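The structure appears right after this line, and notes come after that.
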Amino acid sequence: MSVLVYVENAEGKFKKSTFEVVSYAKEIAKQLGTSLTALSIGNVADSALAELGKYGAQKVLSVSNDKLKSFVNQAYASIISSAAKAEGSKIIVLAASFSGKGLAPRIAVKLEAGLVDGAVELPELTGGKFIVKKNAFSGKAFAHVELTSEVKIISLVPNSYKVVEHPETATVTAFESTAAESDFGVMIKDIVRASDKISLPDAELVVSAGRGLKGPENWAMVEELANLLGAATACSKPVSDAGWRPHSEHVGQTGITVSPNLYIAIGISGAIQHLAGVSSSKVIVVINKDPEAPFFKVADYGIVGDAFEVVPQLIEAIKKFKEVA
Amino acid sequence: MKVLVCISNVPDTTTKIAFTDNNTQFNAVGVQYIINPYDEIALARAIELCEGGKGTVTVINVGDASTEPTIRKALAIGADDAIRVNAAPRDAYFVAKQIANTAKDGGYDFILTGRESIDYNGSQVAAMVGEFLSIPSVSIIKKLDLNGTSATLEREIEGGKEVVETPLPFIASCAEGVAEPKIPNMRGIMSARTKPLAIVEPVEITKVAEVKSYETPAPRGQVKLIDAGDVSKLVDALHSEAKVI
Ligand SMILES: Cc1cc2nc3c(=O)[nH]c(=O)nc-3n(C[C@H](O)[C@H](O)[C@H](O)COP(=O)(O)OP(=O)(O)OC[C@H]3O[C@@H](n4cnc5c(N)ncnc54)[C@H](O)[C@@H]3O)c2cc1C
């Protein structure tokens, strides 16, 4: 009956979003009066697995196998489904990461389960119901979705639930892969990861810039500001369309939806399609030379001014602040 | 070669989202509908790969008769024929089941969808169809090339990309980079009216999820303006007031 949480790793290490899903799943398990089992696939050190106890996992199932070292969608989905069956889990939680988005729907079909993809809050459990709040209309609204199936799956948006410590002693047990040969049709040829960059969907702080920056040659100050803050960089759609920045930085209704603690928008007008992707940011700062820019209407802090003057000053001010702090 | 592209009918991106009936229904009054922008990318790539007599592109939509203008638009862009499963798309599981059921005997070499629909943002359909059909699914791709009996895809991952090779048939959900959306030309618009559009009835399945209500985000307070000559005030506010740095 335990709640099952799938703990994703990147090259053998857990990220913050993994601890977020464990914390989230633990809270659900607590509210339902049951225990929490974590399932890890890939080569993760036992010490890292045991550490999941810190966030409330009582049992950790580990599938460690060279063939499964990197993400194999179908094989992972088979294993997670059979672990859920073995544990009698009726609730499965995972991260709404790029891999999670590929996995959750396959598990849902295998287990005939309802799926909420992109939950942003804990489920409401009153009156025997199970209702989960998720993003809808690309950030312009939220939907409250009731899951009515026996098995229920939730994928959680990164950075929408805080990591909470809830110390338990986690026992780590090996779990046999149940993946069939036919689950390995897709082969990984290459993985390219910019190790020095903070990944945008997971970022707590984001520095974003738009067409107001005039050209790709002017991004050095955006990157400097982001580096200073430990932030990810992002951009508006015309900027990536023009090839000034990669598509993976494009946020908005037709790009990535982000919900960082801080979103700094520089030289972005604030078109409705852009706002859709950033409106769940906790704090929004807008720097724009046009006082009438629509972005100011949804900002918490604003500076009306020329980015080419304001941003360098902001960089200096943050350097000073870092020296004192 | 036969390619199937799943298209969804969604509110135009400029739509101000509002709800009626005590926030239980989307207010569709005056809303313009379009092909989901990501699905247009999928459609454009399918057309490119079939150009010059290399194959045919079929579009499929699960929707009632009101979605036909969107389907005709896809035909105008360059799809060869279309299928509409005659049912309101009640949730992703239902939609995926209908698509899988229609596709299973269609002999498609591959199936494409958009990475997610811009209304319910499920990003569920592609992988669900893959599971229903027991074929590989690759979610959120940025590049797609065919090489005979297999395809090379680039999949987005946190902070980078993964290059994978999959045998045919497969299903993939497309994001930006896969292709540039195509604008229909006059000839396309004229021929769209007479291209075949088959209407099929849905299969019934048990409901697993249901939207109970909607909510719009709480409005933010008044913006606090900081003088451009005094940016250190912003740093102070972000540190001591907003507590984000
Ligand atoms: C179907 C569809 C989907 C779309 N999806 C998205 C999406 O997902 N994401 C997205 O971002 N857009 C999207 N758009 C585009 C959107 O409508 C806007 O065109 C776009 O967001 C504008 O980008 P921008 O703010 O960078 O550029 P602009 O609108 O050109 O704004 C530039 C801003 O910079 C300011 N500026 C200029 N010079 C300076 C300076 N020196 N210092 C400070 N400020 C300065 C200007 O005052 C202006 O406000 C979509 C559009 C469509 C039709």
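Structure summary
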{"read-out": "The stretch A:2-184 - convex hull of alpha carbons, volume per residue in Å³", "value": "106"}
{"read-out": "Whole-number accessible area per residue in Å² for the stretch B:113-245, which is evaluated in the context of all protein chains at 1.4 Å", "value": "47"}
{"read-out": "Which listed pairs, of A:Lys90/B:Lys97; A:Lys162/A:Lys189; A:Lys237/A:Lys289, have C-alpha distances above 29 Å, in listed order", "value": "A:Lys162/A:Lys189"}
{"read-out": "Averaged over B:136-145, number of beta-carbon atoms from partner chains that fall within 10 Å", "value": "4"}
{"read-out": "Packing-based ranking, highest mean first, of B:95-105, A:44-54, B:111-121 given that Cβ atoms within 10 Å are counted", "value": "B:111-121, B:95-105, A:44-54"}
{"read-out": "Coarse-grained scattering of the stretch B:2-218 at q = 0.14, 0.17 Å⁻¹, given as base-10 log I(q)/I(0) from a Debye sum over alpha-carbon atoms", "value": "-0.84, -1.24"}
{"read-out": "Label-point separation, B:Asn27 to B:Ala218 (7 Å along Cα→Cβ), nm", "value": "2.2"}
{"read-out": "Protection proxy ranking, peptides A:236-244, B:37-45, B:233-241, B:191-199, average beta carbon neighbours within 10 Å, highest first", "value": "B:37-45, A:236-244, B:233-241, B:191-199"}
{"read-out": "Local electrostatic count at A:Tyr263 - Lys and Arg +1, Asp and Glu -1, tallied over other residues with Cβ under 11 Å", "value": "-1"}
{"read-out": "Ratio of the Cα radius of gyration of the stretch B:42-157 to 2.2 N^0.38 Å, where N counts its residues", "value": "1.04"}
{"read-out": "Computed accessible area, A:Tyr161, all protein chains, 1.4 angstrom probe, square angstrom", "value": "40"}
{"read-out": "Interchain or long-range residues, amide H under 5 Å from B:Lys182's placed H", "value": "B:Ala44"}
{"read-out": "Helix A:16-31 axis, angle to chain A major axis (alpha carbon atoms, nearest 10°)", "value": "50"}
{"read-out": "List A:Tyr263, B:Tyr33, ordered by accessible area with a 1.4 Å probe, largest first", "value": "B:Tyr33, A:Tyr263"}
{"read-out": "Neighbouring partner chain Cβ atoms per residue of A:252-262, average, 10 Å criterion", "value": "3"}
{"read-out": "For the stretch A:205-324, alpha-carbon Rg over 2.2 N^0.38 Å", "value": "0.96"}
{"read-out": "Accessible area of A:Thr169 in the full protein assembly, 1.4 Å probe (Å², nearest 10)", "value": "120"}
{"read-out": "With Cα atoms, 0 to 90° folded angle of helix B:92-103 axis to chain B main axis", "value": "20"}
{"read-out": "Charge context of A:Lys289, other residues only, Cβ under 11 angstrom, K/R +1, D/E -1", "value": "-4"}
{"read-out": "Net charge contributed by nearby residues that have their C-beta within less than 14 Å of B:Ala209 (K/R +1, D/E -1)", "value": "+2"}
{"read-out": "Chain B, helix-only ellipticity at 222 nm - DSSP H runs n ≥ 4, -39,500 (n - 2.57), divided by all residues, nearest 500", "value": "-6500 deg cm²/dmol"}
{"read-out": "Quotient of Cα Rg and 2.2 N^0.38 Å for the protein assembly as shown, N being how many residues it contains", "value": "0.96"}
{"read-out": "Inter-chain shielding of B:163-170 (mean C-beta neighbours from other protein chains, 10 Å cut-off)", "value": "4"}
{"read-out": "Rounded to 10°, Cα long-axis angle of helix B:37-50 versus longest principal axis of chain B", "value": "30"}
{"read-out": "For the stretch B:63-109 and the stretch A:57-76, distance of Cα centres in Å", "value": "35"}
{"read-out": "Quarter of the Cα convex hull surface for chain A, i.e. its orientation-mean projected area (nm²)", "value": "17.9"}
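The values are calculated or read from the model by the stated rules, or taken from the named source; none is laboratory data. Note that the structure is predicted; figures quoted are calculated from it, not measured. No Cβ is skipped: glycine too gets one built from the backbone with ideal geometry, and neighbour counts run over all protein chains shown. Accessible surface is based on the protein model in full, side chains and every heavy atom, while ligands, DNA and RNA are left aside. Shrake-Rupley method; radii C 1.70, N 1.55, O 1.52, S 1.80 Å.
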